[in-house]
Every structure is written in structure tokens, then in C-alpha cells.
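The values are calculated or read from the model by the stated rules, or taken from the named source; none is laboratory data. Worth saying up front: this structure is predicted, and the values here are computed from it rather than measured. Don't worry about glycine lacking a Cβ; one is built from the backbone with ideal geometry, like all the others, and counts go over all protein chains shown.
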Amino acid sequence: MQRIVLATSNPGKLEEFAHMMQDLPITIISQDTLGVEPPEETGLTFIENAILKARYAATITKLPALADDSGLEVDALEGAPGIYSARYAGIGQPSSAHIRQLLHALEDVPFEKRTARFRSVLVFMRHAKDPAPIIAEGVWEGYILEAPQGQGGFGYDPVFLPATAHDGRSAAALSPAEKNHQSHRGKALAALHTRLLACFTSS
């Protein structure tokens, strides 16, 4: 089994990645387990930050690395919080604080104009100097609710209503299987899975 370091400290992401990749001959381990501190995210786009994180983890651990950079883009806020989604209310603040900040910013925006999307970019690097990293992207369209709903998920899930949610359930009210099938990260992971399957079965 090939060990791959996942460049994240988010346990929710680790669980999603491990579940989606469980049939591949790999073992995904968190960078925290190997004592890797996350680097400063200085990129201006999701893809720049994902490459930065993957390269850093691969450099420190000498293992293949998988990184994700994802966030919420709200049209009424000109794409904010975007790459700053995890630090929207300040570095180290809980998801509830980021959600409060978001709802405050959208206080006077009617529901039909609260269109938004989650975007995820995944990068897999075989080594730190990989000249052709594998890149996959996924997008999940929806709206921002006026109040949190649901007990599951993480991040902004409680206030994100998928565009396909005809039953009115937020992302936080979906089962893990439903979320993996619909979500931005689920779509990106499915695309990455196909690429990694070819990579590992041909090697």
C-alpha cells in the first residue's frame, strides 16, 4: 500500500477523502500525524493554494501528497469569501463565527439573489518536484439560507442550500453518501479517483 500524505488538518476532509479512495491501493494519512504544520496560503486562487500545500507536504514528508483548496463563492459578495473561506471571520475562528459573518454580510440580500457555489480544487503530486501534478476540480451550485439548518457536515454546510435540493434540506442535513454524490469535493474526488486508478494500476 502506497502511503499518501493529505495536506489538511481538517478531520472532516480526511474522512471524506479516505472514504472516496478506499478501493485504491493507498493509505491516506493526515499531515498532522507526521508533524507537518500547514504552510501560509499565499496563493491568489484555489489552484495556487492547493499546489502550494501539496508541494510543501511532499517536501517535508518525502511522500506523495494530496491537497485540497476549497471555499464558498457568493455572487452578491463578488465571490467572497472565496479563498479566505476558512479565515473569513479571522484565523482560528470556529465555523459558527464564519457563518455569522456571512449572514451579516447578506443581511439585506433577498433569497433569489443569494446564489453561491462551493468550489474544490484537488492536487496530487507524486513528489515535491512533480512537473505535471494531477489536478481535479468540482463545483456545487446553490443558495445561502437566512439561518443555519441541519446538524451534519462542517464549515458552511448549515447555510448552504444545494440548487438540486427540492426537499429544502441544507448540505448539513444530507447523509454522508448524499453529500459525497452531490458536493464539490465529491465531484472533484470522483474525477481524481479515475486519474489515480489509472496511475496506480499502470505502475
> Within the range 80-111, how many residues are of a type in the set (Phe, Trp, Tyr) and either under 18 Å from the mean Cα position of the chain (by Cα) or not in a helix (DSSP H, G or I) (or both)?
Replying inline: 2
>> Need pairs with beta-carbon distance below 7 Å; first residue under 18 Å from Glu16 (Cβ atoms) and within the range 122-135, second of a type in the set (Asp, Glu) and at pLDDT below 95; sequence gap 6+ or separate chains.
In response: Leu122/Asp68
>> Of all residues being among the hydrophobic types (A, V, I, L, M, F, W, C) and touching a strand residue (DSSP E or B) at 6+ places or on another chain (Cβ under 7 Å) in the range 153-188, which is farthest from Val139 (Cα to Cα)? Just the residue, please.
In response: Val159
> If you scan the range 96-109, which residues turn out to be out of contact with any helix residue (DSSP H, G or I) (no Cβ under 8 Å at 6 or more places or on another chain) and small (Gly, Ala, Ser)?
Replying inline: Ser96, Ala97
>> Quick test for you: out of Arg185, Arg169, pick the one residue that is within 17 Å of the chain's Cα centre (by Cα) and among the basic types (Lys, Arg).
In response: Arg185
> Which one is modelled with the highest pLDDT, of the residues in the range 18-52 that are under 19 Å from Gly71 (Cβ atoms) and hydroxyl-bearing (Ser, Thr, Tyr)?
Replying inline: Thr45
> Ala76 versus (1) of a type in the set (A, V, I, L, M); (2) over 17 Å from Phe154 (Cα atoms); (3) surrounded by fewer than 14 Cβ atoms within 10 Å (Cβ to Cβ): which is the lone unmet condition?
Replying inline: (3)
>> Can you pull out every residue in the range 138-175 that is surrounded by 20 or more Cβ atoms within 10 Å (Cβ to Cβ) and touching a His at 6+ places or on another chain (Cβ under 8 Å)?
In response: Gly138, Trp140, Gly155, Tyr156
> Restricting the range 49-65 to residues that are polar (S, T, N, Q) and under 16 Å from Arg3 (Cα atoms), which is surrounded by the fewest Cβ atoms within 10 Å (Cβ to Cβ)?
Replying inline: Thr59
>> Which residue is nearest to Phe200 (Cα to Cα), if the candidates are limited to the range 112-168 and must be assigned to a strand (DSSP E or B) and aromatic (Phe, Trp, Tyr)?
In response: Phe124
> Has the range 33-46 got at least one residue that is under 17 Å from the mean Cα position of the chain (by Cα), over 22 Å from Gly92 (Cα atoms) and either surrounded by 13 or more Cβ atoms within 10 Å (Cβ to Cβ) or not charged (D, E, K, R) (or both)?
Replying inline: no
